[in-house]
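Down below is the structure, laid out as structure tokens.
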Amino acid sequence: MSVITEKNTFLNFLDGKWVASQSGDMVKVTNPADVRDIVGYVQNSTAEDTDRAVAAAHKAKTSWRKLTGAERGRYLYKAADIMERRLEEIAASATREMGKTLPEAKGETARGIAILRYYAGEGMRKTGDVIPSTDKDALMFTDRVPLGVVGVITPWNFPIAIPLWKMAPALIYGNTIVIKPATETAVTCAKIISCFEEAGLPPGVMNFITGRGAVVGQRLAAHENVNGITFTGSNQTGKMIGQTALKRGAKYQLEMGGKNPVIVADDADLEAAAEAVITGAFLSTGQKCTATSRVIIQSGIYDRFKEKLLQRTKEITIGDSLQEDVWMGPISSKNQLDNCLSYIEKGRQEGASLLIGGEKPEGEKYQNGYFIEPAIFENVKTGMTIAQEEIFGPVIALLKVDTLKEALDIANDVKYGLSASIFTENIGSMLSFIDDIEAGLVRVNAESAGVELQAPFGGMKQSSSHSREQGEAAKDFFTAIKTVFIKPS
Ligand code: NAD
């Protein structure tokens, strides 16, 4: 039995106050590298707690909307400064909760700070256009106005950046928020919320509530006073949320899975391509929506390239992500680990050849965590499960092709369309890849997993509900357009 102390108990943040759930129940959050390490206890909230959070956001929405963008921006700049001061603490919390290495978590925290500053500046930028009217005496223009209350539902894999790339634009464009993070990383999210509290954000503008997706998340999606829902997570959950929001006419935004290909052409820089495949596939233990999961290789360089990947994979150090010499941490939860192992088994059963990894590593230091060796399959056919479904773990499938046309057909032969990359020196191959690939993020001579906060981010096909996040594109979701026509009387 573990002891619950005040220090490791994290409450909901409703209407400017930290409060316990009325359920009186809490959920234990543990370190996936060593489950004996308890990161904290978070509230197992109820639908009624969720209603209270929505009521607080609803009450605050008019006064928040009436501030100028510059005034709202000042809170974001302040929160960014506070997060910068607390960078080490927040990054260590993310590492302990979900297992990405400390340098990765620090990078993500720094990105979160940059996102806050980017959107703080957005408060001073234009919110509309003047459009010439056919009536010479009239003035016609558009103005962007907030949706009202926005529900934010986030996954565990980017516990800092994803909440912030949703909350920062929601706030700057004048919305109030109720956020429900994944329980696995709710402690890190509570720390982020406390930075806004310290920045003096008015009560009710940002509300934080933890609990089960099917209870809290579902209530948020269904609540009549939630005007928009922004979600990142699995396809299954996303589709349910979309349907719930659609039924009551609320705006929704879904960012979901990927099955991202990297094409390696005969003329590619093989060193650069191998490095990009390894980092794209195995950093964050493969748990990025943009992670490389299919490597489509032209036959002329197949054997040489495969050897490079194997060599690089053998060098990967696995272990507790807080340790400096560790390159790849554990999988985030038992559930995810079991899922990953079952895909590996399926790959074997369907006739693919496992070249390396795919086992739980042996040794005392791995005993209490959810570790797995990075895995590479070959002899993979495009119809196989491991070439079609998102595994969300450190597993890649190698597919051999003769031509780039064949490579493109395979790259597009999945239901997802998030990110895709090609390695080639040939400008013609680059251009046909850019033209024909079905993906929202198209990368040339770069890994599949790179995202820049000032550029639109999102997928095609079943990876997204076809809106975009980040950069200026975020404005489209978090605002509604008013078209104004004024004729002097
Ligand atoms: P998930 O769908 O299980 O959970 C995401 C969030 O939804 C969590 O907060 C969860 O509690 C909540 N939820 C669960 N059931 C719900 C319900 N019935 N109603 C409302 N909310 C509910 O996903 P996950 O396992 O946390 O994250 C992994 C997935 O996220 C992967 O598929 C990955 O590709 C995807 N992802 C996508 C992006 C992107 O931007 N495209 C980024 C990161 C992760």
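The tail of the calculated P(r) for the chain beyond 31 Å holds 45 percent of all Cα-Cα pairs.
Here each label is just a point 7 Å from Cα along the line to Cβ, and for Lys314 and Ala110 those points are 3.3 nm apart.
Extension gain for Thr5 to Val145 (0.36 nm times residue separation, less C-alpha to C-alpha distance): 46.0 nm. In the chain, a dipole from Cβ-located charges (positive for Lys and Arg, negative for Asp and Glu) runs towards its positive end, and of Phe478, Leu14, Ala352 it is Leu14 whose Cα lies farthest in that direction. What would the Debye equation give as log₁₀ I(q)/I(0) for the range 202-328 at q = 0.22 Å⁻¹, counting only Cα atoms as equal point scatterers? These q points yield log10 I(q)/I(0) values of -1.19.
When +1 charges are put on Lys and Arg Cβ atoms and -1 charges on Asp and Glu Cβ atoms, the dipole computed for the chain relative to its Cα centre reaches about 1980 debye.
The convex hull defined by the C-alpha atoms of the range 286-393 has an orientation-averaged projected area of 7.3 nm². If the chain linking Leu431 and Gln454 were pulled fully straight, counting 0.36 nm for each residue of separation and taking away their Cα-Cα distance, it would gain 5.9 nm. Using the Cβ-Cβ distance between Ser23 and Asn225 with R0 set to 25 Å, the FRET efficiency from 1/(1 + (r/R0)^6) comes to roughly 0.70.
Protection proxy ranking of 114-122, 308-316, by the mean of other Cβ atoms within 10 Å over each peptide's residues and highest first, is 114-122, 308-316. Cα-Cα over 27 Å: which of Lys259/Lys405; Lys61/Lys259; Lys166/Lys487? Over 27 Å Cα-Cα: Lys61/Lys259; Lys166/Lys487.
For the Cα trace of the range 260-452, dividing Rg by the Kirkwood Rh returns an Rg/Rh value of 0.96.
Report the Stokes-Einstein translational diffusion coefficient (µm² s⁻¹, integer) for the range 23-146, Rh taken as the Kirkwood radius over Cα pairs, at 10 °C with viscosity 1.306 mPa s. Taking Rh from Cα pairs, D becomes 86 µm²/s.
Shown for the chain are the DSSP H helices of 27 Å or more along their axis, judged by Cα atoms, with a mean Kyte-Doolittle hydropathy of at least -0.5: 102-122.
Taking every pair of distinct Cα atoms and averaging 1/r, then inverting, what Kirkwood hydrodynamic radius in Å comes out for the range 311-356? Kirkwood radius, the range 311-356: 12.4 Å.
Spacing of the modelled spin labels on Glu350 and Asp135, each 7 Å from Cα toward Cβ, amounts to 6.1 nm. Listed peptides 248-256, 475-483 appear in the order 248-256, 475-483 once ranked by packing, highest mean of other Cβ atoms within 10 Å at the front.
Kirkwood hydrodynamic radius computed over the range 379-489 comes to 16.4 Å, based on all pairs of distinct alpha carbons. Subtract the Cα-Cα distance of Thr62 and Glu472 from 0.36 nm times their separation in residues, and report this length gain in nm to one decimal. Between Thr62 and Glu472, full extension yields an extra 145.2 nm. Can you bin the range 31-71 into rounded, prolate or oblate? Criterion: square roots of the alpha carbon gyration tensor eigenvalues sorted a ≥ b ≥ c, rounded for a/c under 1.5, prolate for a/b above b/c, oblate for the rest. Oblate is the answer for the range 31-71, as a/c is 1.5 or above yet b/c matches or exceeds a/b.
The protection proxy used here, the mean number of other Cβ atoms lying within 10 Å of each residue, ranks peptides 264-275, 337-348 as follows, highest first: 264-275, 337-348. Computing FRET efficiency as 1/(1 + (r/R0)^6) for Lys405 and Ser489, where r is the C-beta to C-beta distance and R0 is 60 Å, gives about 0.40.
By DSSP, the beta bridges lying fully in the range 260-452 are antiparallel in about 10 percent of cases.
One Cα centroid belongs to the range 179-220, the other to the range 30-57; the line between them spans 8 Å.
Report the antiparallel proportion of the DSSP beta bridges in the chain as a percent, rounded to a multiple of 5. Expressed as a percentage, antiparallel bridges in the chain total about 40. Label zone of Gln323 (point 7 Å out along Cα→Cβ, amide N under 20 Å): in the range 279-300 this covers 282-286. Charged side chains reduced to their Cβ positions (Lys and Arg at +1, Asp and Glu at -1) give the range 260-452 a dipole of some 420 debye around its Cα centre.
Where a number appears in this text, it was derived from the coordinates with a stated rule and is not lab data. This one's a predicted model, so the numbers in the text were calculated from it and none came from an experiment. Cβ coordinates were reconstructed from backbone atoms using ideal geometry, including for glycine residues, and neighbour counts include every protein chain displayed.
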